[in-house]
1. What FRET efficiency do you get for A:Asp86 and B:Glu55 if R0 is 51 Å and r is their Cβ-Cβ distance, rounded to the nearest 0.05?
2. Using modelled amide H (1.01 Å from N, peptide plane; none on Pro or chain starts), what sits under 5 Å from the amide H of B:Ile117, excluding residues fewer than 5 places away?
3. Under the definition of partner shielding as Cβ atoms of other protein chains within 10 Å of a residue Cβ, what is the mean value for peptide B:156-164?
4. Going through region B:9-80, which trypsin sites (Lys or Arg not before Pro) have at most 15 other Cβ atoms within 10 Å and a DSSP loop state?
5. Which percent of the accessible heavy-atom area of the protein assembly as shown goes to carbon and sulfur, probe 1.4 angstrom?
6. For region B:63-175, report the accessible area per residue in Å² (1.4 Å probe, heavy atoms, rounded to an integer).
7. Would you list which lysines come within 28 Å of B:Lys57, measuring only between C-alpha atoms, while excluding same-chain residues fewer than 8 positions from it?
8. Report the local net charge at A:Glu389: Lys and Arg +1, Asp and Glu -1, summed over other residues whose C-beta lies under 15 Å from its C-beta.
Amino acid sequence: MHITHLSLAGARSFRRLELPLTPGLHVVTGQNGSGKSNLLEGIALLATTRSLRIANDLELIAWDALRDDPLPAARYAARVHTAVDDNITIEVIVSARPATPGIEANAASRRFRVNGVARRASDLIGRLRVVLFSADDLGIIDGAPTARRRYLDITLSQLDPAYVRALQRYQRVLQQRNSLLRRLQERRGQPGELDFWDEELAQTGAMLITSRAHAIATLNTDAAQRYAALSTGSAPLEVCYRPALPPPLIETVASSTTSLAPKLLEALVVGRTRDIQAGTTRIGPHRDDVAFLIGGHPAGSTASRGELRGIALALRLAEVAFSTARTGDPPVLLLDDVLSELDAGRRARVLAAAFEVDQVIITSPDPDRPAPAELSAASRYRIDAGVLEPIG
Amino acid sequence: MQDRPPSSSSSPIQRLIEAFNRLPGIGPKSAQRLAYYILRAPADEARDLSAALVEVKERVVLCSRCQDITDQDPCRICTDASRDPAVLCVIEEPLDLRAIERTNSFHGRFHVLHGVISPSDGIGPDDLKIAELLVRLNGPDQEVREVIVATNPNLEGEATAMYLARLLGPLGIKVSRLARGLPSGADLEYADDVTLGRALEFRQSVE
Ligand SMILES: [Zn+2]
């Protein structure tokens, strides 16, 4: 798939950007703070409906729009050509709230459209698929477990609308169940009131767990091979799923959702008393983790900086292949200033992957890295203060 | 230090802002806007509003049978002999009753829960009019054979429906749920995935 037109208005660094795009390679160079990362963030937002870095949606709106516009809003839009649809238009509109002149906005709401029709977030996610390589990827390996769960959720959500729906439902059910556990801890209500929430949690949770188990099994095989090629001499890489489940259940996570759900339900029911004491749900995908092992040792605490970078690259490259294999249509590659840090050998491996997809957008602070000779066919742009201009 | 109750220390406008702020869905800034609107409005408008507020508390009560808001108890629907005594439709809010009445498709009686089960909002079964429903089914409304649970098709509505189904099942009452599917007049192409998925799941055979 590829983006044929990108349009950003009142979005972060961009007052107004209309960018027609062809398939192939695009290199955007600019100083730090010029908006080049925001450009890729904006594209990733259209794929996932959420920003990867920004927790407060209000920050997705350009500051001057917030200051000057009576109804401040940001519009992120792209026209996308996929293997299934010749042409679809996706839009994410972020509006400041409250939208009352004279009263300062303190929150934002997001709305979504597909081909001009209002849709839910779950209907938009995955219409455009991207794999974003950035310096933040190291956090997937050496950061907190939440970073690894978010990596899985972003990857799987783009591939499977049913995963998005299960995730959204799981999170709402979990919040309700935890509230009920605290009520029961205070002896308000009957444990039988947990029945509905436990069944829902088991249904949606089993879907998330089996999806994650299958994805990690595939990514593990592929990432291990790619890591071996990227890091000659290093001990082998292993990517292992660590589901937060009682030990007997862990053996069954690679089975089907329909066979896992009743077992998960049973474990939830058995664990009720302790969950009530804890005031929280102690098992389930919200506590999952992924282990990255180098020669059997956790990479986060033992690997060198160069090894961590190698793991992150291998994982992203495996993700590109996974996304292509699952859908038959390669995702758009976004490389956010990752090439300049790599040696020539690793840079060549990443660029080789770039030639296997329809479209790649690369940012770099240095017009010479990647050098024009390495990417002779690339379209080149310069970006400064949110204004993008083609070079040559 | 002066020792005065908070109400006398705040100005009338401050008290009004605080009163609005206590209403559901009204934040401090909206409360402020409403209060200043009242301040600038003609005196008649403020008098009408305060009279309506007092009247709603004095004149309108809940029907002791169906829990709908009414100015006579039992309400008109509960005393209407032409209504089918075998079917009871359980709804979340009084507004839902008006919506179902407008369809002219339902001829039984109603029961208003005044909410749905939602632990994160601090609402359990005991906070709804469920005890009142059981009293009805065991007493004056023993003829009821079917309860249609018409809660919203969201998580909390489903939780409430399942709770009622498990509660009423042992009484030998049939519990049904509103069908979910495509809105009539809708275009398939524009239906969202969830709605379309459910319409497929709950498909009907063509007679
Ligand atoms: Zn009544």
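The values are calculated or read from the model by the stated rules, or taken from the named source; none is laboratory data. The structure displayed is predicted, hence computed values, not measured ones. Don't worry about glycine lacking a Cβ; one is built from the backbone with ideal geometry, like all the others, and counts go over all protein chains shown. Ligands, DNA and RNA are stripped out before the accessible areas are found, and what is left, the full protein with its side chains, is counted by its heavy atoms. Shrake-Rupley method; radii C 1.70, N 1.55, O 1.52, S 1.80 Å.
1. Between A:Asp86 and B:Glu55 the formula returns 0.25.
2. B:Thr160
3. That average works out to 3.
4. Working: sites: B:Arg15, B:Arg22, B:Lys29, B:Arg33, B:Arg40, B:Arg47, B:Lys57, B:Arg59, B:Arg65, B:Arg76; in loops: B:Arg22, B:Arg65.
Answer in residue order: B:Arg22.
5. Ligands and nucleic acids excluded, carbon and sulfur give 53 percent.
6. Details: 5160 Å² over 113 residues.
Here the per-residue accessible area is 46 Å².
7. Counting by Cα, and skipping residues close in sequence, B:Lys57 has these lysines nearby: B:Lys29, B:Lys129.
8. Combined, the nearby Lys, Arg, Asp and Glu give +3.
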